[in-house]
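The structure appears right after this line, and notes come after that.
Coordinate-derived values only; no laboratory data. These numbers come from a predicted model, not from an experiment. When we count neighbours, we look across all protein chains shown, and the Cβ atoms used for this are built from the backbone with ideal geometry, even at glycine.
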Amino acid sequence: MPELPEVETIARQLRGLVVDRTISEFESRWVRLTEPEPAEVVGARLRGRRISDVRRRGKFVVFDLDGGEALVVSLRMTGKLLYGVEDVDERYVRGEIRFEDGTALRFSDTRKFGRMAVIDASTLDGNGETRRPKMPLHASLGQEPLARGFTVAWLRALLRRRPRAAIKVLLLDQRAIAGIGNIYAIEALWRARIHPLRKAGSLRADEIARLHEAIRWALRKGIRLGGASPSDYVDARGNKGRMQREFQVYARAGEPCPRCGRAIVRSVVGGRGTFHCPRCQRVPRA
DNA sequence: CACGGTGCCTGCCGGC
DNA sequence: TGCCGGCAGGCACCGT
């Protein structure tokens with residue numbers, strides 16, 4: 001499940017691999033891959049375009065194209081972007097971008113949740129403030145947590161704006177902060193010693209500062225270790241990450257908390273599996 | 001608007 | 001051994 005560190009890893013690799021290459025052909029092998037746009041329309045917009053940069057915005061991989069447009073790829077749960085990988089399982093290849101030099105970038109996605117679209121690159125620039133009903137997610141992404149703008153003061157203001165939301169639900173809201181997924185939200189809350197169900201508006205100043213530091217710590221560690229591969233994730237070269245070895249609480253129900261030794265508890269918050277230490281992360285007083 | 005529930009998908013795993 | 005329900009979870013979508 002690619003989150004910010006995994007997508008960052010992929011984008012950095014691809015930047016060194018496909019920048020300056022010109023697209024000669026786009027092939028879709030899954031009818032919903034480019035939905036709601038037909039694959040032929042996307043193909044027509046990609047053909048002949050040179051990739052000028054590859055970057056990450058939230059959990060999206062962004063391929064900037066000459067002319068101000070960009071190809072955005074949402075990997076969702078099991079999406080992979082593979083370049084120069086030999087043993088690709090053809091059953092799960094949902095799309096392919098071929099280049100004029102004969103090389104190809106392949107999109108593999110077991111569960112078919114991933115999507116691709118060609119968009120106006122400028123729609124990625126906002127910080128969530130432009131959100132409107134029915135606006136696509138990529139056009140209303142929130143603050144980048146590793147950017148300079150993500151300060152303790154900014155986080156405090158966000159929590160004040162959404163005081164009733166459970167803190168974990170808020171961390172996962174891509175329109176608030178872009179890029180945090182279930183794993184890194186869980187790890188950050190554990191490090192900050194904050195219970196996932198705490199109301200955002202109830203956090204004290206010292207807790208907000210700890211959370212700010214913990215978010216950056218978790219994400220940077222994930223990037224440094226090449227992402228987390230508890231199951232499916234591989235980078236653009238087909239290699240697994242190493243962050244899964246460093247999980248403190250994620251998927252560790254029943255195991256001792258690395259900080260205090262108490263058994264880690266699994267629960268469900270916002271519909272997703274959640275892990276926390278019942279001693280380090282106190283239950284919010286009901 | 002915010003919030004909660006459901007569907008999308010497939011592989012995997014535990015129970016019988 | 002084989003079948004089947006449940007689970008994984010990011011996000012769109014829908015109802016309240």
Run the numbers for residue A:47 and residue A:260: contour at 0.36 nm per residue of separation, minus the present Cα-Cα distance, in nm. 71.0 nm
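List the longest stretch of chain A that has no exposed loop site; here a site is one of the trypsin sites (Lys or Arg not before Pro) assigned by DSSP to anything other than H, G, I, E or B, with at most 10 other Cβ within 10 Å.
On the way: sites that count: A:134, A:148, A:164, A:204, A:285.
After excluding every exposed loop site, the longest remaining stretch is A:1-133.
Rounded to the nearest 500 deg cm²/dmol, what is the calculated helix-only ellipticity per residue at 222 nm for chain A, with -39500 (n - 2.57) per DSSP H run of length n ≥ 4? Can you show the working numbers first?
Details: 6 runs with 69 residues, N = 286.
So the calculated ellipticity at 222 nm is -7500 deg cm²/dmol.
On average, how much area does the Cα convex hull of chain A cover when viewed from any direction, in nm²?
Numbers: hull surface 60.0 nm².
So the mean shadow area of the Cα hull is 15.0 nm².
Efficiency by 1/(1 + (r/R0)^6): what FRET value for residue A:157 and residue A:267, r their Cβ-Cβ distance, R0 = 22 Å, to the nearest 0.05?
Numbers: r = 28 Å, r/R0 = 1.29.
In this case the efficiency is close to 0.20.
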May I ask you to derive the FRET efficiency for residue A:24 and residue A:110 from their Cβ-Cβ distance with R0 = 41 Å, giving the value to the nearest 0.05? 0.90
Find the relative contact order for chain A and round it to a whole percent, using C-alpha pairs within less than 8 Å whose residues are 6+ positions apart. 18 percent
Low-density loop cleavage sites - chymotrypsin sites (Phe, Trp or Tyr not before Pro) in the range A:95-179, where at most 15 other Cβ are within 10 Å (DSSP): A:113
What's the FRET efficiency of residue A:31 with residue A:87 using the Cβ-Cβ distance as r and R₀ = 30 Å, to the nearest 0.05? 0.70
So how far, in whole Å, is the C-alpha centre of the range A:60-113 from the one of the range A:1-51? 5 Å
